[in-house]
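Note sheet for the following structure.
Just so you know, all these numbers are worked out from the coordinates, no wet-lab data involved. What you are looking at is a predicted structure, and each value in this text was computed from that prediction instead of being measured. As a convention, Cβ positions derive from the backbone with ideal geometry for all residues, glycine included, and neighbour counts pool all protein chains shown.
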Amino acid sequence: MNNFAKIRFFFIIPFICVGLFSCDPNEKLPPETILEYMGVLHLVDDITGELVDIVVEVSFQNGKGNLGFLGRDTTDNLFIHVFDRVSLTDTVYAPMQDLDPTAPEDVVISFAIPNLKLKGQKSTKGVLKIGFYSNFNFMQHEHSSKYGIVRFEIYMLDQDSVPSNTVTTPDIHIR
């Protein structure tokens, strides 16, 4: 991993925490990856009252257990599109492009998550907790709307590059 990739991994991408549930070995999950939006947390500084973090929680399940990169492969496999609300009277959103210079043209945030399969399990399910620090570039973006309201579209690829469903969050206030 080159120095830029290391910097990107530790400082530019959002913080990700993965909680895995123990899967019942007899539980049958569908082979495709299924994501479900669970909620959002706004973490506020107790003293200043300023927004510190936004944590989006998304559950995942995959019956083949093939989520996350293997070995030395660090190909991006989790993708987040950020949409900025441009009107308070209409629910109109505009994509926030060009915020991650390493992402494909139509993706705002992308990064690699490690193998999520626990030893001895055939399927995988758990919760992704995706944290966006208040100084993350889209939250401070000079072209973001004056309303400070965004939505995320989130999807991931399995190890066979098969995309999951896409989940869309409700409006999230970033200011």
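Miscellaneous remarks
- FRET efficiency for Leu70 and Leu41, using Cβ-Cβ distance with R0 set to 41 Å, rounded to 0.05: 0.85
- Extending 7 Å from the Cα toward the beta-carbon at both Arg151 and Ile34 defines two label points whose distance is 2.3 nm.
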